[in-house]
Every structure is written in C-alpha cells, then in structure tokens.
1. Sort all Cα-Cα distances of the stretch 126-291 into consecutive 10 angstrom bins from zero, then give the percent of pairs in each bin up to the one containing the longest distance.
2. Mind giving me the nanometre distance, one decimal, between the label points for Leu217 and Ala52, set 7 Å out from Cα along Cα→Cβ?
3. How large is ³J(HN,Hα) for each residue in the stretch 91-96, as worked out from phi by the Karplus curve 6.51 cos²θ - 1.76 cosθ + 1.60 (θ = phi - 60°), to whole Hz, x for Gly and Pro?
4. Just want to confirm a number: the relative contact order over the stretch 126-291, from Cα pairs under 8 angstrom separated by 6+ residues, in percent.
5. Arrange Trp170, Trp136 by Cβ neighbour counts within 10 Å, fewest through most, would you?
6. Rounded to the nearest 0.05, what FRET efficiency do Asn77 and Lys242 give with R0 = 41 Å and r taken as the Cβ-Cβ distance? Could you check?
7. So what's the stretch 1-122 giving for Rg/Rh, alpha carbon basis, Kirkwood Rh from the mean inverse pair distance?
8. Could you line up Leu246, Leu189 from fewest to most neighbouring Cβ atoms inside 10 Å?
Amino acid sequence: MKEFVILLEMSASTNEVQSIWQAIHPLFEEQTASLKVIEVSLDNPRDFKNLASFKEVSPVITIGSSQLLIEAISYLNSQSKLCPVCFIPTKSTTNLAKSIGLALQPQTAAKQILTAIQPVYVELAKIEEMNHQRRWLFNRSMSLGFNAYAENVSQNSQLNKFSVSRIAQWYGHLTAIVDQEPFNVTLRLDRKYYFFRHAFAVQVDNQAKVSDQPLDLKKLPLRIEILSNLNLFSLLLFKIAKLVGLEHKLPYVHIFKGSSFQLTTDSLEFGEIDGQQLKNQFYDLLARSFQYPFWFDPDNLSLHEQNK
C-alpha cells in the first residue's frame, strides 16, 4: 500500500476540481493505506509548505490547473525533494496529458496512477529571470513579443464574453501586427552570441516526452524560434509554411536548438509561459531543459482509451 498526497486547487475552477475528486476518490480509497488531501490556492504559496513533511517516495497528485502542477514541482525542487508527481487531467492540463500518454478520462488516469510501480521521467523546461530573481517551469512554450502580446489582447477582449474565442484570437493577432514594435534580442547558445536588432517575436518550445530512465540533457533540446520581420503578409506566409514544416526556409525565421541558453531584451516586452501572462518587463532569461519523475503507467492504456 502506498501513500498518496492529493492537492486540490481552490480557485475559479473549484467546481470542476471537486467533481473530478468525487469521481476518483473511491478508487484511491480502495488502493491506498494512507491518503493525504490538501486544499491549496495559487494565491497563497504557504499552502505548499505542507509538502515538506512527506516522504520522497510519496507521489504528489494535483487536480487543478497546469500552474498548480508547475508550482508543486517548483516547490519540491526548491526543497531538493524529488517526490514523483502526476495529475488528473482538467481543461487546463489536457494538452500535457495527451503529450505524455495520460488518459483524459479522470477514472482511467487514476487507474494509470494507481497501477504504476515505478516513476517515468517527463521532459520539462525551467527558466530563471535574472533581473527580477524569478523562476518558472513550463511544459509547452514560452513567448516574448508578438505572440504574448496577441494572446494578452485576445484574453482581455470583450469578444470572449460572446463565445467567439476564435474571432478574439484573430483580433489579437491583427492588433499585435499594428502595435508590436521590433526589439533587440541577444541569444547566447553553445558559447556563441547571436544578435537580432529587429526581432518581433521569440518562441521557445518544449515537447514533453516520457522515458523510463533519466536521459542526457543533450538529448532534451529546446527549440528557439525568432522572427525578424512581421507584417500581415509575412505572418500569413509564416503560418502557411509552418503547417507544412517549411518555416525554416523563410529568411526572417531563425531557429536554434539547445538544452540551455540565455536570452536578453533591452526593452519592455510582453511575455507568456504556458498561457500564463507575465508582466511587461525587461528580460534576462536563463533556460534549461530537465526531467522530472512522474508517477503513472503510460503503457496501461488501451487503443480505445488512447482515442478518448
């Protein structure tokens, strides 16, 4: 019998979290001798201090936003405790669940967690912001400039109230094309410096992968994409080229790969990490890929369940 620590996020999505927990609670009670349930809020970092009292062999399971999972991993890292983690998929964590092979249906995901006998390792990325001494983790992407600004406009648009999010996204892109000004970017990668005097967008992508054992960091590269020209025509051309995997052929698209890099801007820019808006600020970022142990069995999923 194993001890599990369950983190329930208390926020605007509390009803979703409580509904999921009620559905899977009986499964955990049947399988575990010890079950610790903690209600946490992202607005109160002190809630995570309770994790310090648990053993490193106790898996920490989050039910809530992707940010809750990231905050839990961040706190465990800061305490040098590599407790394995996992999550029950919600609307916020659907993309990550799909990429690592965790079922989207809560009961099925719970069975994958309960039948696991050892952790698997999932690729993530961490960023340290040197100017303001902040740290972030992300599993999908981080962006500066155009994409972050467009998403900021889209999320704050009144169009979202009328369930026309797609139109709101296009409105955000068109507004960003008009308003986004070029900025200077310096990239330090593999002891080389790359200078961009008229960058409009920076995108760092991480593909969350699963492996049975920790891998060499050199095999976990991040993808850095910098656009040095942006208008309506070049944006449409870029979108089309990306659909067919030929964006690297465009002269204003610069793509790099590396497991660690430093990136700086000398102007105030919008930023975004996994859909979370950052403050408009100067950036001096030190990014690295890494792996963290997750507690679930990715192979305990039928083809029918994978397609759900």
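Any read-out appearing in this document is the output of simple, stated calculations on the displayed coordinates, not a laboratory observation. Quick caveat, the model's predicted, so the values are computed rather than measured. As a convention, Cβ positions derive from the backbone with ideal geometry for all residues, glycine included, and neighbour counts pool all protein chains shown.
1. 10, 37, 37, 14, 2
2. If labels sit at Leu217 and Ala52, their model points lie 2.6 nm apart.
3. 4, 6, 10, 4, 4, 5
4. It comes to 30 percent, rounded to a whole number.
5. Working: Trp170 14, Trp136 21.
So the ranking, lowest neighbour count to highest, is Trp170, Trp136.
6. On the way: r = 33 Å, r/R0 = 0.80.
For Asn77 and Lys242, the calculated efficiency is 0.80.
7. Rounded to two decimals, Rg over Rh is 0.92.
8. Ascending Cβ contact count within 10 Å gives the list Leu246, Leu189.
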